[in-house]
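Below is one structure; the comments refer to it alone.
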Amino acid sequence: MSEGHAPRAVLVTGGGSGLGEAIARRFAAEEPTARIAILDANGEGAQRVASDLGARCVAGSVTDEAAVDAALDDFGPPDVTVCAAGIVRFGPLLDLDANAWREVLDVNLTGTFIVARAAAGRLVAAGRPGSIVALTSINGRAPGLHAGAYGPSKAGLGLLVRQMAQEWAPHGIRVNAVAPGLIDGGMSAPIYADAKIRAAREARVPLGRLGTAADVADAVYWLASANAGYITGQELVVDGGVTDSVMATLPRPAVVDGVGQSGQSGRSGQD
Ligand SMILES: NC(=O)c1ccc[n+]([C@@H]2O[C@H](COP(=O)([O-])OP(=O)(O)OC[C@H]3O[C@@H](n4cnc5c(N)ncnc54)[C@H](O)[C@@H]3O)[C@@H](O)[C@H]2O)c1
């Protein structure tokens, strides 16, 4: 269901591949009259998706303020802004070059700020409400190994989302985040090409499967809809329960599960 006037104008950064592409396609499928713009540093990807959807294609970086401003001056205030552009640079912290650190913070955190501010500024000037959804990650909530600045960038983004939500709520602009978990798609697809690693990771997910780009698109589309009209400043974790599973998956003796005491066994033990 759309929020505000229809048809909606929807800007998707990082819409040239992976999760951003799936999100742009979801908006196009649900709202065929929506005006969609794809902003991606990968011009080829952006053009491919934009052509398919009859959307506007902007080849440029979210870190380039002038390019973002020009794109939005051209497109107009977006009712929905999805900030999916993101990068990761792998490597142990001890070997991490400061430039790789800065590059990740620049795209994931500063770039999202630049786009969100440009979108919100235009909405405020036009006196229109809107919705912004940023893609964070479970890696912003629990540290991973060898993902460099990625987790810190997403943790920072999580707080930025809450701050933007507070500052822009008086203007009717909602700002939320979706934190994907173990997703078989986008930048994580190469991880799951290894069958053993895939099976081992899948086995750790309480819901018993890896997530998909469609799972993420579902959450983003819902948060951007009027059905989530009273929700702002929240991070919706889309991870099949994996982030919270540490305590539940620790080995326990039978006595902890209450076997032989209540006549029932279960996951009621206090670890
Ligand atoms: N795939 C996952 O497992 C996963 C999990 C958690 C969070 N995420 C987040 O979801 C978002 C989408 O990631 P994905 O998995 O689809 O990755 P992806 O690499 O397939 O897509 C990212 C897109 O962002 C674009 N991009 C990169 N730098 C840019 C820049 N400076 N300006 C504009 N566009 C730029 C890329 O060209 C690409 O099209 C990212 O923010 C990522 O951190 C992904």
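Tell me which DSSP H helices of the chain clear both cut-offs, 20 Å or more of axial length from alpha-carbon atoms and a mean Kyte-Doolittle hydropathy of at least -0.5. What comes out of the filter, once short or polar helices are dropped, is 112-126, 150-168. Projecting label points 7 angstrom from Cα along Cα→Cβ for D52 and I191 puts them 2.3 nm apart. So what's the gap between the Cα centers of the range 219-253 and the range 109-186, to the nearest angstrom? Taking the Cα centre of each part, the range 219-253 and the range 109-186 sit 15 Å apart.
Take every pair of alpha-carbon atoms less than 8 Å apart whose residues are at least six positions apart; their mean separation over the length of the range 17-161 yields a relative contact order of 22 percent. Given a cut-off of 23 Å, what percent of all Cα-Cα pairs of the range 30-160 lie beyond it? The share of Cα pairs beyond 23 Å in the range 30-160 comes to 37 percent. Looking at the range 176-229, none of the chymotrypsin sites (Phe, Trp or Tyr not before Pro) sits in a DSSP loop with at most 10 other Cβ atoms within 10 Å of its own Cβ. As a rough guide to protection, the peptides 169-181, 44-56, 194-206 ranked by mean Cβ packing within 10 Å, highest first, stand as 169-181, 44-56, 194-206. In plain terms, the residue of V58, V246 with the fewest other Cβ atoms within 10 Å comes first and the most crowded comes last, giving V246, V58. A viscosity of 1.567 mPa s and a temperature of 4 °C, combined with the Kirkwood radius over C-alpha pairs in the Stokes-Einstein formula, give the chain a diffusion coefficient of 66 µm²/s.
Throughout, read-outs are computed from the coordinates displayed, never taken from laboratory work. The structure displayed is predicted, hence computed values, not measured ones. Cβ atoms come from the backbone with ideal geometry, glycine included; neighbour counts cover every protein chain shown.
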